[in-house]
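Laboratory data are not the source of any read-out in this text; all were calculated from the coordinates shown. Note that the structure is predicted; figures quoted are calculated from it, not measured. We place every Cβ from the backbone using ideal geometry, glycine too, and count neighbours over all the protein chains shown.
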Amino acid sequence: MKKASKKTSKATREQWKQSPCSNCRGMCCKYITVEINEPKDDEDLDNIRWYMIHDGVGILVEGDQWMVRMNARCRYLQKDYTCGIYDRRPEACRQYDTENCDYRSVSEGIPTGYREFEDYAKLRNYVKRQWRKA
Ligand code: SF4
Ligand code: SF4
């Protein structure tokens, strides 16, 4: 999420122009993620099903790290896809790296490192397979 609005310094704007963010439409600024526990039984799985029956909700899995992803555009994402509060953006935005970000994953095929599930049936099959292996 390395974007700077027109309000930020020239140096920062220049840096931004060199980054992939200047070609991206703020992909990483249009959703939030919340960490959840890895499902251990059918009850946990049913809670995840409840999340997933809502529009714009998916699950991200990276090893034993599980997250709910909810589509929600940041209110500070500007019309030109820069950040309206770049100098005081939250830590989560500062930590997000362009190395293997959403845009680069789509445009350059760089793996993000996590599995993404939009479809509950697929997630359920994945979880059941993991349980059988354990
Ligand atoms: S998805 Fe990547 S390229 Fe796009 S704004 Fe976020 S960090 Fe920048
Ligand atoms: S504050 Fe909003 S627009 Fe700025 S980097 Fe974070 S998510 Fe993107």
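Structure values in brief
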| read-out | value |
| --- | --- |
| 3J(HN,Hα) from dihedral phi, segment 61-76, Karplus parametrisation 6.51/-1.76/1.60, rounded to Hz, x for glycine, proline | 10, 9, x, 9, 8, 10, 9, 8, 10, 10, 5, 6, 6, 5, 6, 9 |
| Modelled FRET efficiency - R0 41 Å, residue 107 with residue 38, Cβ distances, 0.05 increments | 0.85 |
| Karplus-derived 3J(HN,Hα), 6.51/-1.76/1.60, for each residue of segment 124-134, Hz, glycine and proline x | 4, 4, 4, 5, 4, 5, 4, 5, 5, 5, 6 |
| Number of Lys pairs (Cα under 23 Å; 8 or more positions apart or on different chains) in the chain | 21 |
